[in-house]
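Below is one structure, written out as structure tokens, with a few remarks after it.
Where a number appears in this text, it was derived from the coordinates with a stated rule and is not lab data. Everything numeric in this text was worked out from a predicted model, so none of it was measured. Virtual Cβ from ideal backbone geometry, glycine too; neighbours counted across all protein chains shown.
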Amino acid sequence: MTIEQVPHWVQPSHPEFINIKTYKEGSFSKYATASNPIPSNTIIGDFSAATPASEKAYSSVQVSETDHIELNSDLLYANHSCNPNVVFDTDKGEVRSVRNIQEGEPITFNYLSTEWDMAQAFKCECGSDNCLGEIQGARYVPTKALASQFINSHIRRLQDKRDSAAGKA
Ligand SMILES: [Zn+2]
């Protein structure tokens with residue numbers, strides 16, 4: 001997913017961990033990389049700058065079965081990966097690494113761990129063995145396809161509701 005939004009927060013917001021890069025010269029499409037080596041299980045940010053989103057958008061993050069937030073920080077530039085190196089833990093309100101991250105490595109999280117039904121679908125090109133391809137929200141993915149991943153509790157509840165309704169629970 002590409003981000004083409006002029007930031008309205010002071011940058012850099014997380015200089016100890018995040019360095020923003022641009023895909024190509026003159027492009028507005030940016031992505032977050034590690035500004036330093038980040039050990040596994042390090043908290044790299046929180047949602048303290050976030051504000052409620054009136055409706056879901058390409059930039060919003062889902063934090064409950066019904067609510068979405070705008071991050072208002074460089075965490076916005078964390079791209080999706082099906083095999084991510086950080087998690088957005090909306091229950092704890094923190095973003096943390098789930099493995100060692102090299103300096104310069106793109107910082108990624110699994111959008112399906114927060115988003116049930118996304119405003120904009122996109123084709124994932126993360127290249128992982130478990131890449132799901134078209135990413136449009138956890139709603140469109142079988143529960144077992146995400147079983148080995150970190151998934152927030154609101155997504156688990158929505159999976160349970162869907163699976164119960166389908167008689168598969
Ligand atoms: Zn992928």
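When you filter the GluC sites (Glu not before Pro) in region 40-78 for DSSP loop state and at most 16 other Cβ atoms inside 10 Å of their Cβ, you are left with E55, E65. Considering only C-alpha atoms, what is the centroid distance from region 5-24 to region 27-50, in Å? With region 5-24 and region 27-50 each reduced to a Cα centre, they are spaced 9 Å.
Multiply the residue gap between A145 and K161 by 0.36 nm, knock off their C-alpha separation, and tell me the result in nm, one decimal place.
Working: separation 16, 0.36 × 16 = 5.76 nm, distance 1.65 nm.
So the chain would gain 4.1 nm between A145 and K161.
Placing dummy labels 7 Å off each Cα toward the beta-carbon, the span from N83 to A57 is 3.4 nm.
Set the Förster radius R0 to 25 Å, insert the Cβ-Cβ distance between N130 and A49 as r into 1/(1 + (r/R0)^6), and round the FRET efficiency to 0.05. That gives a FRET efficiency of 0.20. Exposed loop sites are taken as trypsin sites (Lys or Arg not before Pro) in a DSSP loop (any state but H, G, I, E or B) with at most 13 other beta carbon atoms within 10 Å; the longest stretch of the chain without one runs 100-167. The long axis of helix 153-165 is offset from the longest Cα principal axis of the chain by roughly 30 degrees. When the chymotrypsin sites (Phe, Trp or Tyr not before Pro) in region 26-98 are filtered for DSSP coil states and for at most 11 other beta-carbon atoms within 10 Å of their beta-carbon, the remaining sites are F28.
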